[in-house]
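*Asks:* Just passing along the structure, written as structure tokens.
The values are calculated or read from the model by the stated rules, or taken from the named source; none is laboratory data. Predicted model, so just to flag it, every value in this text is computed and none were measured. Heads up, the Cβs are rebuilt from the backbone with ideal geometry, glycines too, and the neighbour counts pull from every protein chain shown. For accessibility, only protein heavy atoms count, side chains too; no ligands or nucleic acids. Shrake-Rupley method; radii C 1.70, N 1.55, O 1.52, S 1.80 Å.
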Amino acid sequence: MSFYEDHVFPFFLDVATRPFRRDRERLVAQARGRVLEIGVGTGANLQYYTAAATEVVGLEPSAAMLVDADSRARALAGPTRFTFVQGGAEALPFPDESFDTVVACLVFCTIPDFEDAAREAHRVLRPGGELLFFEHVAHPAAGVRRWQERLNPLWRKLACGCNLNRDTANVFRRAGFAFTEFEAFEHPAVPAVAGAIIRGRARR
């Protein structure tokens, strides 16, 4: 990782995701049992896990971000329920059917091979386990989508691999998930090019 990715971008990431704070809190509070959060980053979501999440494993490719996540976890009640693993979501280092919940919060936009990551999330969930997701995606309006396509190369460089134009809902479907709750909307707190959101729950 570069100095920018390790030390500059994490600060901007935390600032950029603040408009989604209440959305993230609602999402994470639904997690139950043994939980895997994909792309835990600096641990901004850790404070929102309730006691129903008995164990939380945070996966993150950036070692520098994991240092921050671990520091945040140690400041919370029950810090021993949080553990962190450095790695990518395309090849999860966990056995089949080993989690009750997988949390994906503003991360599938960035994973290089997000098709593989969705299949891996499905693999590590126990039968009946849930994927909880909150993701920004390609905008349904053709005009906005054209701007997403134009801006995406620059955006991807500045945002360390984040893409504006992914069809994440269909990636989840192809991985075998069945949506039990699904909402697609434009978030009022961010520009339209990054404001098309999907959120909900999907069962393995």
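*Asks:* Any idea which of (1) of a type in the set (A, V, I, L, M); (2) in a helix (DSSP H, G or I); (3) within 21 Å of ALA53 (Cα to Cα) is the one LEU132 doesn't satisfy?
*Replies:* Here LEU132 meets the rest and fails (2).
*Asks:* Filter region 167-192 for residues that are surrounded by 12 or more Cβ atoms within 10 Å (Cβ to Cβ), of a type outside the set (Gly, Ala, Ser) and in a strand (DSSP E or B) and give the result.
*Replies:* Once the filter is applied, which keeps residues that are surrounded by 12 or more Cβ atoms within 10 Å (Cβ to Cβ), of a type outside the set (Gly, Ala, Ser) and in a strand (DSSP E or B), region 167-192 yields PHE179, GLU181, PHE182, GLU186.
*Asks:* In region 142-154, what count of residues is obtained for those that are in contact (Cβ under 8 Å) with a residue 12 or more places away in the chain and either open to solvent by 20 Å² or more (accessible area, probe 1.4 Å) or small (Gly, Ala, Ser) (or both)?
*Replies:* Within region 142-154, the first condition is being in contact (Cβ under 8 Å) with a residue 12 or more places away in the chain, and the residues that meet it are 144-145, 147-149, 151-152.
Still in the list and also either open to solvent by 20 Å² or more (accessible area, probe 1.4 Å) or small (Gly, Ala, Ser) (or both): 144-145, 147, 149, 151.
Going through region 142-154 one residue at a time, the tally reaches 5.
*Asks:* Name the one entry in ALA194, ALA175 that is modelled with pLDDT of 95 or more and either within 30 Å of GLY128 (Cα to Cα) or among the hydrophobic types (A, V, I, L, M, F, W, C) (or both). Break it down into steps so the answer makes sense when it comes.
*Replies:* Numbers: ALA194 fails: modelled with pLDDT of 95 or more.
After applying the criteria, what remains is ALA175.
*Asks:* Determine which member of the set ALA104, ALA117, ALA73, ALA89 is touching a residue at least 60 places away in the same chain (Cβ under 8 Å), small (Gly, Ala, Ser) and touching a Leu at 6+ places or on another chain (Cβ under 7 Å). Spell out the reasoning first.
*Replies:* Numbers: ALA117 fails: touching a Leu at 6+ places or on another chain (Cβ under 7 Å); ALA73 fails: touching a residue at least 60 places away in the same chain (Cβ under 8 Å); ALA89 fails: touching a residue at least 60 places away in the same chain (Cβ under 8 Å).
Sole residue among the options that is touching a residue at least 60 places away in the same chain (Cβ under 8 Å), small (Gly, Ala, Ser) and touching a Leu at 6+ places or on another chain (Cβ under 7 Å): ALA104.
*Asks:* What are the pairs with Cβ atoms under 9 angstrom where one residue, in region 19-32, is within 15 Å of ALA104 (Cβ to Cβ) and the other, located anywhere, is open to solvent by 100 Å² or more (accessible area, probe 1.4 Å)? Sequence gap at least six, or different chains.
*Replies:* VAL28/GLN47
*Asks:* Give just the number: which of (1) buried (at least 23 other Cβ atoms within 10 Å of the Cβ); (2) in contact with a Leu (Cβ under 8 Å, 6 or more places away or on another chain) does PHE84 not satisfy?
*Replies:* For PHE84, the exception is condition (1).
*Asks:* Give me the residue from region 29-64 that is charged (D, E, K, R) and open to solvent by less than 20 Å² (accessible area, probe 1.4 Å) and, out of that set, nearest to GLY129 (Cα to Cα).
*Replies:* To start, the set of residues in region 29-64 that are charged (D, E, K, R) comprises 32, 34, 37, 55, 60.
With the extra rule that they be open to solvent by less than 20 Å² (accessible area, probe 1.4 Å), the set shrinks to 37, 60.
Numbers: GLU37: 14, GLU60: 21 Å.
In this case the residue turns out to be GLU37.
*Asks:* While we're looking at this one, here's another question. Name every residue in region 92-118 that is part of a loop (DSSP other than H, G, I, E, B), open to solvent by 50 Å² or more (accessible area, probe 1.4 Å) and touching an Asp or Glu at 6+ places or on another chain (Cβ under 8 Å), in order of residue number.
*Replies:* PRO112, ASP113
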